[in-house]
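See below for the structure under consideration.
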Amino acid sequence: MADRAGTVRALLSRPDFRRLLTTRLSGQFGDGVFQAALAGTVLFNPSRAADPVDVAAGFAVLLLPYSLIGPFTGVWLDRWSRRQVLLLANVVRAGLVAVVAALILADVAGPAFYAAGLLVVSVNRFVLSALSAGLPHTADEPSLVSANALSTTSGAVAAVLGGGSAILASALAGSGNGGYALLAAGSAVPYLIASAVVAGFARGHLGPDHDVPPDRAGVRDVLHGMVAGARHVLAHPPATAVLTVMAVHRLFYGLLTLVVLLLYRNTFTDGGGLFPGGLAGLGQVLALGAVGTLLAAAVTPAAVRRLGKARWITLMLAVGGVGQLALGGLFRPTTTVAAVFTLGFVAQAVKICVDTTLQESVDDDFRGRVFSVYDTLFNVTFVVSLIAGAFLLPASGESVAALVGVGAGYLLTAAAFARWCARRQRRISDTLHPGEPVADARRRPELGRDRRPATSGNATS
């Protein structure tokens with residue numbers, strides 16, 4: 001724990017890391033406010049109704065189109081100054097949320113409303129990809145686990161705080177179109193602050209490292225770049241493995257998200273008590289999920305140093321399976337909050353390891369493309385799960401079969417990943433340490449850089 005504290009102090013002593021972290025915190029606080037305004041408008045506005053298909057359709061319209069074009073942004077992140085991307089993108093989304101606010105106020109629904117929301121979400125994912133691709137330029141490689149734990153977790157907490165603040169403000173502003181429009185417009189302020197903060201970086205500080213031709217990338221160039229990026233990932237087994245784990249996790253996470261939304265929309269309707277229903281209860285769930293996220297950030301760096309990323313991911317998947325089986329199936333506000341707390345811990349612990357593995361195992365010139373593929377996978381699997389859940393789940397959200405399937409799926413994924421890691425470790429040991437006892441080889445379970453022979457010509461996979 002002392003080592004971790006020292007690493008965090010060292011990170012926070014770096015002005016460039018503090019500046020990038022502040023950019024993230026301000027932007028994700030704005031995300032929380034904006035997302036709460038959207039959730040209130042779509043799910044809890046008395047003038048609108050929502051069933052599982054409506055909820056899934058809303059997510060699909062907002063996320064799936066961007067997911068299909070998201071990989072193209074990675075090529076641009078490897079061509080353009082990431083500092084400029086963050087500066088301009090935050091200004092653009094501040095303008096876009098003002099448009100969304102106007103549509104809410106005018107009670108506009110349907111394609112126009114979702115199209116405006118789609119634009120905001122698209123820019124948000126662009127910003128998060130740029131933040132992840134630029135992070136290694138503000139932290140030394142040995143501290144990347146702690147840097148990811150601190151930055152991504154504090155960003156997630158900032159988003160929850162933004163959402164919580166918006167929920168509290170809605171009690172004053174009202175639950176009608178006017179109140180939610182005011183909340184949506186308010187999210188522009190932290191976006192503009194984020195843009196002002198990132199402007200303090202030199203243009204090339206966040207990469208890409210090499211000079212890039214200033215010409216505009218055509219569609220053919222983008223496609224060639226994405227093929228090269230995909231090949232780069234496939235040539236690095238640790239990156240391929242963790243992206244697969246994350247995709248499977250997001251399938252389960254999407255289904256559980258829809259279960260929770262439906263429970264608080266249609267089943268947990270009592271607004272009073274220690275564990276209320278409705279929008280207030282959903283805010284409580286988000287807060288407890290954020291606590292789980294924060295705890296994961298505190299525990300994960302030390303756990304990784306002790307166990308390695310591979311074993312920690314495996315353990316977290318197993319905890320996710322047991323947690324959902326033991327807690328979620330009771331369908332009570334108290335146990336639902338506990339299940340979401342567990343899921344928040346598991347999701348963030350796994351994400352920290354996935355982010356770090358990608359940053360360690362891919363070259364900087366490909367990071368933008370890799371993280372855009374990562375974001376695409378992140379969104380597509382989530383939306384696919386939501387769409388499936390919309391037709392499988394009852395409107396009440398109560399489905400024991402769904403939770404049993406999710407719990408068993410987590411456990412099977414943990415077993416499969418553990419088996420893959422064991423086989424990979426044996427291959428590495430046989431190649432680099434012939435004749436070494438298996439017990440000694442197992443002391444080095446790691447997912448970072450490949451340990452291939454020098455003759456392979458690729459020492460940084």
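So here's what we get for this one:
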read-out: Ser385 vs. criteria in a helix (DSSP H, G or I), of a type in the set (Gly, Ala, Ser) and in contact (Cβ under 8 Å) with a residue 24 or more places away in the chain; value: yes
read-out: Residue, farthest from the chain's Cα centre (by Cα), within region 266-279, restricted to residues that are crowded, with 19+ Cβ neighbours inside 10 Å and of a type in the set (A, V, I, L, M, F, W, C); value: Phe268
read-out: Residues of region 122-141 classified as over 16 Å from the mean Cα position of the chain (by Cα) and at pLDDT below 85, total; value: 1
read-out: Some residue of region 114-121 being surrounded by 22 or more Cβ atoms within 10 Å (Cβ to Cβ) and either among the β-branched types (Val, Ile, Thr) or at pLDDT 95 or above (or both); value: yes
read-out: Per-region count, region 332-349, residues of a type in the set (A, V, I, L, M), under 23 Å from Gly155 (Cβ atoms) and surrounded by fewer than 22 Cβ atoms within 10 Å (Cβ to Cβ); value: 1
read-out: Answer from Gly368, Gly329 - the residue that is surrounded by 21 or more Cβ atoms within 10 Å (Cβ to Cβ), of a type outside the set (A, V, I, L, M, F, W, C) and not in a loop (DSSP other than H, G, I, E, B); value: Gly368
read-out: Residue count for region 366-413, restricted to those that are under 22 Å from Leu128 (Cα atoms) and touching a Pro at 6+ places or on another chain (Cβ under 6 Å); value: 3
read-out: Residue in region 25-42 that is in contact with an Asp or Glu (Cβ under 9 Å, 6 or more places away or on another chain), part of a helix (DSSP H, G or I) and modelled with pLDDT under 85 present; value: yes
read-out: When residues of region 122-138 are limited to those that are farther than 12 Å from Asp375 by Cβ and in contact with an Asp or Glu (Cβ under 9 Å, 6 or more places away or on another chain), the one surrounded by the most Cβ atoms within 10 Å (Cβ to Cβ); value: Leu135
read-out: Among the candidates Thr335, Thr314, residue that is free of Cβ contacts under 8 Å to residues at least 40 places away in the same chain and either among the aliphatic types (A, V, I, L, M) or assigned to a helix (DSSP H, G or I) (or both); value: Thr335
read-out: Single match in Leu295, Leu317 (criterion: closer than 24 Å to Val260 by Cα and open to solvent by less than 30 Å² (accessible area, probe 1.4 Å)); value: Leu317
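Yes/no per residue for (1) in contact with a His (Cβ under 8 Å, 6 or more places away or on another chain); (2) at pLDDT 75 or above; (3) within 30 Å of Ser399 (Cα to Cα):
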site	(1), (2), (3)
Arg18	no, yes, no
Ala57	no, no, yes
Val75	no, no, no
Arg93	no, yes, no
Val99	no, yes, no
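The values are calculated or read from the model by the stated rules, or taken from the named source; none is laboratory data. This structure is a prediction, so every number in the text was calculated from the model and none was measured. For neighbour counting, all protein chains shown are included, and Cβ atoms are generated from backbone atoms with ideal geometry for every residue, glycine included. Remember, those area values only see protein heavy atoms, side chains included, never the ligands or the DNA or RNA. Shrake-Rupley method; radii C 1.70, N 1.55, O 1.52, S 1.80 Å.
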